[in-house]
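*Asks:* Below you'll find the structure I mean.
Where a number appears in this text, it was derived from the coordinates with a stated rule and is not lab data. Keep in mind that this is a model prediction, so the values were computed, not measured. FYI the Cβ positions are ideal-geometry reconstructions off the backbone, even for glycines, and counts take in every protein chain you see.
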Amino acid sequence: MRKIIALTLALALTFLFGCQKKGAGNTVKVGVFMPQTGATATFGISSVNAIQMATEETNAAGGINGKQIELVVYDDRSDLQEAATVVTKLTTQDQVSAILGEVASTRSIAAAPIAQGAKIPMLTPSSTNPEVTKKGDYIFRSCFTDPVQGDAIARFAYNKLNARRAALLIDKKQDYSVGLGNFIKESFTKAGGQIVIEEYYQEGDSDFNAQLTSIKGKNPDVIFVPGYYTEIGLVAQQAKRQGVTAPLVGGDGWDSPRLYEIGGTALIGSYFSNHYTADDPDPAVQKFVNSYKSKYGQVPDALAATAYDAALILFDAIKRANSTDGTAIRDALAKTVNFKGVTGVVTFNANRDAVKPIVMIKVEEGGKYGVADRIYPEGTAPPPTESPSPTTGASPAASASPAASANVSTAK
C-alpha cells in the first residue's frame, strides 16, 4: 500500500511540476530558436532583439492574462542539426507552450516535425519556403511565401512599371534565387508579359558584363534579379556603365544596409519586394523603428520587423486561448484575422500561411527606401482600415507604459 501511495504521489508531483513549467504559475514560457552565431547570425540577432522588445512591451502592459512572458532563447549556431536539437530541448526539457523560430527555411523545416510531434505550436517570422508549413498543423508562418512574393514582383512590374518584355538574371547556385525566379517568370507570363532572355551567374561572381551585354541586346523593359544584395550592387554598377536603362527589380534578398554601400547611385530607380521599410512614414512603423533604435542603437532590418510582429501575434493568440495548452494556442493562432502589425495586416489562411501585403520598395537618393506600392495576394483586397477588434489582437505596444525588463532565459 505504501508503494502505491508513494507512486501516486510521485505521479501527481510530476504532473504538477510539468504544469508549472508550462506556465501554470505566474509566467508563460515561450521558446525561441535563432542563429546568434554562425553564417546568419545578424538575422538571428535582430530577430531576437525584436522578440525581446515585444516581450518587454507586453509584460509592461500587464502580460498575458495577468501572467508575465518568460522567453527561453537558444542559439542554434546557424546549424541544421543544432536547430533540431534545441527545439527538442524546448519541447521536452523546457516544456514551453509555444515556439518562435527560425529565420532560415532549411532550419525551420528541420525543427518543424519535432514541434509537430510534441503538439507545440511553432511560428516562424521569416521562413518563406512553401514546405515549412506543410510539416504539420501546428506550424505557422507570419511572413509571405516565395510564390506570393514572386507573383507580387511580377504584377508590380506589369501593372505599375508597364513592363511587357523582361530579362531574368538568376543565381543558379541559390535555391532562393532559382525558385523565386521561376515564380516571377510564371506570374509575369501569365499576366501577358514575355521573358525575352534568361542569364545566370553564381554566388561570389564579380563580373556580370557578359550577361548584361546579352540582356542589353534584347532591350527589355525590366530586369528581374532575384538574388542577394552582394551581387546586386555589382550588377547595378556594371549595368549603368553599359548604359542599360531598364530598372532592376528583385526580392527580399536585397534587404541589407550593404546594398547601397556596394551599388551606390547606380541602384537609384531600382525596386525590390520586402516585408517593410524603416522609411515608411506609417506612424506604427515609425514607433517601432524609433523604439528599436533607442534600445539597440541601430535601424531594425526587415527580419526584426517580422519577428516583432510574430511575437505579438503569438502573444495575442495565447491571450485569446486563455490557456498555455499547445492545442488551445494552435486553435487560437489559426483564427487570427486582421492582426495589424508593423509589416502589415495579417490573417492566417487554411495552410497557416500569412495573407498580408508585400511592400514594393524604390531605392532613392542617399540609399533611402521609398514605398512604391503595397501588393496584396491575388484574390484578396486591402483589409478595413479601422483598428482591429479585441478578438484580432491589437498590438500592446500601442498602449504600453515604458518597457519593463523581459523575463529571458538564454539557454546555451
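*Asks:* At a threshold of 8 angstrom on Cα-Cα distance, excluding pairs fewer than six apart, so keeping six or more, what relative contact order does segment 34-112 reach in percent?
*Replies:* 36
*Asks:* Oh, and also: With each label point set 7 Å from Cα along the Cα-Cβ vector, what nm distance links Asn65 and Glu203?
*Replies:* So the two model labels end up 4.3 nm from each other.
*Asks:* Then there is this: With the contact rule set at Cα under 8 Å and sequence spacing of 6 or more, what percent relative contact order holds for the chain?
*Replies:* Rounded, it is 20 percent for the chain.
*Asks:* For Lys119 and Gln194 in one chain, what is 0.36 nm times their gap in residues minus the Cα-Cα distance, to one decimal in nm?
*Replies:* 22.4 nm
*Asks:* At a Cα cut-off below 18 Å, give the aspartates and glutamates reachable from Lys89, other chains included and same-chain residues fewer than 8 away excluded.
*Replies:* The reachable aspartates and glutamates, counting only those whose Cα sits under 18 Å from Lys89, are Glu70, Asp75, Asp76, Asp79, Glu102, Asp325.
*Asks:* If the limit is 20 Å between Cα atoms, which of Lys340/Lys368; Lys119/Lys319; Lys185/Lys368 go over it?
*Replies:* Too far apart for the 20 Å limit: Lys340/Lys368; Lys185/Lys368.
*Asks:* Where does the charge balance sit around Phe183 when Lys and Arg score +1, Asp and Glu -1, over other residues with C-beta under 9 Å from its C-beta?
*Replies:* Net charge around Phe183: -2.
*Asks:* Label-point separation (nm) for Glu365 and Val178, each offset 7 Å from Cα along Cα-to-Cβ?
*Replies:* Placing both labels 7 Å beyond Cα along the Cβ direction yields 4.3 nm.
*Asks:* On full extension of the chain, what length is gained from Arg164 through Asn322, given 0.36 nm per residue of separation minus the C-alpha to C-alpha distance?
*Replies:* Extending this stretch completely gives an extra 51.7 nm.
*Asks:* What distance in nm lies between label points placed 7 Å from Cα along the C-beta direction at Ala284 and Ser214?
*Replies:* Label-label distance for Ala284 and Ser214, simple model: 4.5 nm.
*Asks:* Please compute the contact order of segment 147-274 in relative form: average sequence separation of alpha-carbon pairs under 8 Å and at least six residues apart, divided by the residue count, as a percent.
*Replies:* Over segment 147-274, the number comes to 26 percent.
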